[in-house]
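The values are calculated or read from the model by the stated rules, or taken from the named source; none is laboratory data. Not measured: the values here are computed from a predicted model. Backbone-built Cβ (ideal geometry, glycine too); neighbour counts: all protein chains shown.
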Amino acid sequence: MKPPNLLLALSDAPRALTDAAFLAMAAPLLRRLPAARRPHSVMVIPGFLGDDTGNGPLIRFLRHLGHTATGWGQGRNLGTQNFSEDSLRDAMEPLIAAGNGKLSLVGHSLGGIYAREIARANPQWVEQVITLGSPFGEGRHNASHASRLYQRLNPQSDKRDEEDTLATPPPVPTTAIYTRADGVVNWRTSLQSGEHRNVHNIEVPGSHIGLNLNAAVWYWVAKKLAA
């Protein structure tokens, strides 16, 4: 499987600005969505090279709907070898307590892979997982323009980094949101397989970089948390 073509790759960042501009126009309508009848505790995990500041608008939107939403609190996401799993677990504990023992995880790109693996290891803590353009599918190492930089920053191998394992959905409800116009990862690696009723794929228009600032994504995240 190959990474996205050069045109998609070079245009992804400019298209992300368009996604953000459209979101600014759509935000007043999105904020009219009904408040959550059963609020969730939600952790939003950034993508590779991202941080909580970039997810701030999405976090504030989820709070507006009544959810207890936070970032991951681990700084910039540089890969698995650049943050402490114990520290991440500590950040999750208040959310788990506030959610009566459960939290929902929303992860952008690499952050979605973390979310799926957290749910796989600790399904008793996780209400559901929503991924945004996360390349967990088979062939992902050769299908991403970011893989070389990631490998440089994370030179040690990770036993959990097995394609056949990562591609298997965790034992909780999971939704994979993706865009065929993804300029960073091949969109096919962001699709879930299987016919289980709690495994869903949702296509939206837009860029990879701008998925966390995408009006359609905000709508679907709100709808899935309300389901």
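General observations
- For the stretch 36-69, residues that are within 23 Å of Ala24 (Cβ to Cβ), surrounded by 16 or more Cβ atoms within 10 Å (Cβ to Cβ) and touching a strand residue (DSSP E or B) at 6+ places or on another chain (Cβ under 9 Å) total 14.
- Every listed requirement among (1) in a helix (DSSP H, G or I); (2) over 15 Å from the mean Cα position of the chain (by Cα); (3) more than 28 Å from Ala36 (Cβ to Cβ) is met by Lys223 save one, (3).
- Checked against (1) over 28 Å from Leu23 (Cα atoms); (2) surrounded by 17 or more Cβ atoms within 10 Å (Cβ to Cβ), Arg197 passes all but a single condition, namely (2).
- Among the residues listed as Ala115, Ala119, the single one being closer than 18 Å to His67 by Cβ, surrounded by 21 or more Cβ atoms within 10 Å (Cβ to Cβ), of a type in the set (Gly, Ala, Ser) and in contact with a Gly (Cβ under 7 Å, 6 or more places away or on another chain): Ala115
Yes/no matrix, rows are residues, columns are (1) among the small types (Gly, Ala, Ser); (2) more than 15 Å from Leu132 (Cα to Cα); (3) out of contact with any Pro (no Cβ under 6 Å at 6 or more places or on another chain):
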site: Ala69; (1), (2), (3): yes, yes, yes
site: Asp90; (1), (2), (3): no, yes, yes
site: Leu95; (1), (2), (3): no, yes, yes
site: Ile113; (1), (2), (3): no, no, yes
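- Count of residues meeting criterion [touching a helix residue (DSSP H, G or I) at 6+ places or on another chain (Cβ under 9 Å) and either over 22 Å from Gly112 (Cβ atoms) or among the small types (Gly, Ala, Ser) (or both)] in the stretch 40-59: 4
- Matching residues in the stretch 144-161 - criterion: being small (Gly, Ala, Ser), in contact (Cβ under 8 Å) with a residue 24 or more places away in the chain and assigned to a loop (DSSP other than H, G, I, E, B): Ala146
- Where Asp164 falls short, out of the listed (1) modelled with pLDDT of 90 or more; (2) outside any loop (DSSP other than H, G, I, E, B): (1)
- Pairs linking a residue in the stretch 110-130 that is of a type in the set (Ser, Thr, Tyr) to a residue that is surrounded by fewer than 22 Cβ atoms within 10 Å (Cβ to Cβ), with Cβ atoms under 6 Å and 6 or more positions apart or on different chains, do not occur.
- Within the stretch 47-76, being among the polar types (S, T, N, Q) and over 26 Å from Gly101 (Cα atoms) holds for one residue alone: Thr53.
- Qualifying residue in the stretch 122-143 (condition: outside any loop (DSSP other than H, G, I, E, B), small (Gly, Ala, Ser) and either surrounded by fewer than 20 Cβ atoms within 10 Å (Cβ to Cβ) or in contact with a helix residue (DSSP H, G or I) (Cβ under 6 Å, 6 or more places away or on another chain) (or both)): no
- In a residue-by-residue description of the stretch 182-194, the property of being assigned to a loop (DSSP other than H, G, I, E, B), at negative phi and basic (Lys, Arg) applies to no position.
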